[in-house]
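Since the structure comes first, as structure tokens, the remarks are kept for the end.
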Amino acid sequence: MDTVVLKFGGSSVADNIKLNVVAEKVISLKKEVKNVVVVVSAQGKTTNQLMKEAQELSAVPQERELDMLLSTGEQITASKLSILLNRKGYPAISLTGWQAGIKTNSVHTNAKIEQICTKRMEEELQKGKIIIVAGFQGVNEEQDVTTLGRGGSDTTAVALQVALQADKCYIFSDVDGIYSADPNMVTMAKRLDEISFDEMQEIANSRSKSIT
């Protein structure tokens with residue numbers, strides 16, 4: 001394989017210890033694959049906290065300003081992971097959504113990706129760098145930051161796979177298998193030792209987050 005896209009969710013990068021685990025996974029894959037692009041979410045409950053703080057200032061914050069605020073969570077994760085990879089001896093660079101060339105429509109807080117200009121990313125990959133992209137965000141024609149709504153980082157990862165013509169897109173979670181329900185939400189959730197194809201398909205169709 002020449003190019004792979006990896007995506008790590010908020011719980012997978014929730015603190016510096018978990019960020020080190022992610023860095024080692026990225027390094028392990030970099031040893032096998034020429035080009036590695038990583039998409040990250042905000043750490044832990046950062047987005048929820050930022051939303052709470054905005055609502056403490058205004059019951060109905062302007063959506064444009066919300067996008068400016070909420071997009072910072074992913075940018076923090078991207079820069080921290082890049083710092084960590086560089087310290088470990090693996091050249092990396094963090095990119096915001098707009099730096100990665102992700103262009104969207106102008107629907108704030110629930111934008112749709114319209115185009116991805118891969119020029120910057122291709123240049124960085126040619127230099128041998130691991131690219132860390134802040135997920136969940138892009139920029140509209142007015143050059144305003146936009147966010148992609150719920151599951152936006154997953155959308156970013158899949159869109160980048162298509163744009164870069166990557167061989168694979170891996171979406172990682174901190175759940176160690178398939179569960180009867182989301183174990184982060186349901187304490188009685190049980191890990192399933194076996195599951196049929198039809199049952200798996202039903203879970204996928206329901207957009208369950210318990211699949212890893």
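The values are calculated or read from the model by the stated rules, or taken from the named source; none is laboratory data. Small disclaimer: the values here were computed from a predicted structure and weren't measured. Here the Cβ is made from the backbone with ideal geometry for all residues, glycine too, and neighbour counts use every protein chain on show. Surface areas here come from the heavy atoms of the whole protein model, side chains and all, with no ligands, DNA or RNA. Shrake-Rupley method; radii C 1.70, N 1.55, O 1.52, S 1.80 Å.
Legend: P(r) of the range 23-73 from all alpha carbon pair distances, 5 Å bins from 0, whole percents, reading 4, 17, 21, 13, 10, 10, 9, 8, 5, 2.
Were the residues from Lys168 through Asp144 laid out at 0.36 nm apart, the gain over their Cα-Cα distance would be 5.6 nm. Relative contact order, whole percent, for the chain stands at 23, derived from Cα pairs under 8 Å and 6 or more residues apart. In this structure, the pairs whose alpha-carbon distance is over 26 Å, taken from Lys52/Lys190; Lys31/Lys119; Lys52/Lys119, are Lys52/Lys190; Lys52/Lys119. Each Lys or Arg adds one and each Asp or Glu subtracts one; over the other residues with Cβ under 13 Å from the Cβ of Asp167, this totals 0. Computed over protein heavy atoms with a 1.4 angstrom probe, the accessible surface ordering of Met188, Met68, Met51, Met121, largest first, is Met188, Met68, Met51, Met121. Given a 10 angstrom Cα cut-off, can you work out which residue in Leu84, Leu95, Leu29 is the most mobile in a GNM of the chain? Residue with maximal mean-square fluctuation among Leu84, Leu95, Leu29: Leu29. Normalised per residue, the accessible area of the chain is 56 Å², obtained with a 1.4 Å probe and no contribution from ligands, DNA or RNA. Among Gln55, Gln75, Gln161, the residue with the largest mean-square fluctuation in a Gaussian network model of the chain, with springs joining Cα atoms closer than 10 Å, is Gln55.
Element breakdown for the chain at a 1.4 angstrom probe: carbon and sulfur atoms account for 50% of the accessible area.
Rounded to the nearest 5, what % of the DSSP beta bridges within the range 1-137 are antiparallel ones? Bridges in the range 1-137 are about 20 percent antiparallel. Beyond 18 Å between alpha-carbons counts as too far, so tell me which of Lys80/Lys168; Lys45/Lys112; Lys25/Lys80 fall in that bin. From the list (Lys80/Lys168; Lys45/Lys112; Lys25/Lys80), the Cα-Cα distance tops 18 Å for Lys80/Lys168; Lys45/Lys112. About its Cα centre, the chain has a charge dipole of approximately 680 debye under the convention of +1 per Lys or Arg Cβ and -1 per Asp or Glu Cβ, with nothing else charged.
Farthest toward the positive end of the dipole of the chain, out of Ile83, Val22, Ile116, is the Cα of Ile83, where the dipole comes from beta carbon charges about the Cα centre. Projecting each Cα onto the charge dipole of the range 1-132 (Lys/Arg +1, Asp/Glu -1 at the beta carbon, about the Cα centre), which of Thr72, Val13, Gly97 comes out farthest on the positive side? Looking along the dipole axis, the top candidate is Val13. If R0 is taken as 45 Å, the Cβ-Cβ distance between Ala59 and Arg191 corresponds to a FRET efficiency of 0.60.
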